[in-house]
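One structure below.
What follows is calculated from the coordinates using simple rules that are stated; it is not laboratory data. A quick note: this is a predicted structure, and the numbers were derived from the prediction, not measured. Don't worry about glycine lacking a Cβ; one is built from the backbone with ideal geometry, like all the others, and counts go over all protein chains shown.
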Amino acid sequence: MKKPIYFLLIAALAVFVTSCDEKIEPDFDYTIEENTVTFENLTKGDATEYTWSFGDGNTSADKNPTHTYDKGGDYLVSLIAQSSSGAKEKTKTITIEGGGDAAVTLPIVPGAEALMVAINNTTFTQQAGLSLEINIGLAASVFFDAAGTAYVYAGDVTINGMALDKNESNYYTYTSTSGEEFKNPVTWKASGSADFDAFDKTINLDFPAMSEITSGDITAGADYNLTFKSAITNADSVIIVMSDGSSTYQKIVPNNNTNTYTVDGSELSSFTASENGLISISAYQYVLEEVGTKKIAFVNQGNVTKTVAVK
């Protein structure tokens, strides 16, 4: 059985932001030694604050952080640089050797032999009491082997004519560089391989409608009422992720079509005080299509992320 590994996309992506200071150009490099990554901040401009999201539910406010991953796999790492007038974000995919069980992958779809996922991601950060909104489109795809436990090559893959990058484990990703989000319909193409036939498929499926997270800081060990400006719609399921920067709470729940979800305080008992807290919500729906000889799940997903403090 395929593992349900979640597309946290926790503020993951290279980006457009309103009221943005054009002098800020976030960038970073990194070195990997086994499962430990040392990040070098290469941001240009007058940034005064930095927020890193490592793609596994953990964050940091250090300028040049070091982070150790628990599992091998592909992680979407983002750096948000902020100044007095705005913020920008830079995202890169890094690969930790040792397997594909990373927290940055895809929701499971029963019966699917491949997953094509289009995501609209929104990150909210706080600056001088104001909420800054960062929007970006992201895509990912994987093609399973006959056992359903590993990814196989499927040729060149595109979404709306834009090429996805493939890493060594045959995990394909795309990140918009212009801040564009996806709209219905979405067209996926694959040139094919010995394992997967070529296909060209246009999917008419609404994207989940998601709004800003309105609930505030987290109190460790206390019940948390997660609230939004409006209810999540056009979604079958919701993935809730909360983090204090080191510990992570994660759960899939059915979409209740309201703007409130409650997290039991006992689930947050391991949290400790931190300024690097994060809340990330993913909502998704899918269609399972028979394309040639394969069953492919086409998933439209929305993500909303907010940085918070933990008390």
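Descriptive notes on the structure:
- Label-to-label distance, residue 145 versus residue 267, with points set 7 angstrom from Cα along the beta-carbon direction: 3.4 nm.
- Theoretical gain in end-to-end length, residue 97 to residue 237 [0.36 nm per residue, Cα-Cα removed]: 47.4 nm
- The stretch between residue 289 and residue 153, if pulled fully straight at 0.36 nm per residue, gains 47.0 nm over its current Cα-Cα span.
- Highest-fluctuation residue, 230, 193, 243 considered, GNM on the chain with Cα pairs under 10 Å: 193
- A value for semi-axes √(5λ) of the Cα gyration tensor in Å was derived from the coordinates, and within the list (1) 30, 22, 19; (2) 37, 32, 15; (3) 97, 26, 12 it appears as (1).
- Distance violations [Cα-Cα > 23 Å] among 90/189; 90/166; 44/92; 251/295: 90/189; 251/295
- Taking 272, 123, 293, 91 and counting other C-beta atoms within 10 Å, the order from fewest to most: 293, 272, 91, 123
- Length gained on full extension, residue 33 to residue 193: 54.3 nm, using 0.36 nm per residue less the C-alpha separation.
- Residues whose placed amide H lies under 5 Å from that of residue 206, excluding near-sequence neighbours: none
- GluC sites (Glu not before Pro), loop per DSSP, at most 10 other Cβ atoms within 10 Å - longest free stretch of the chain: 23-167
- Projected label points at residue 133 and residue 202, each 7 Å from Cα along the beta carbon direction, are separated by 2.9 nanometres.
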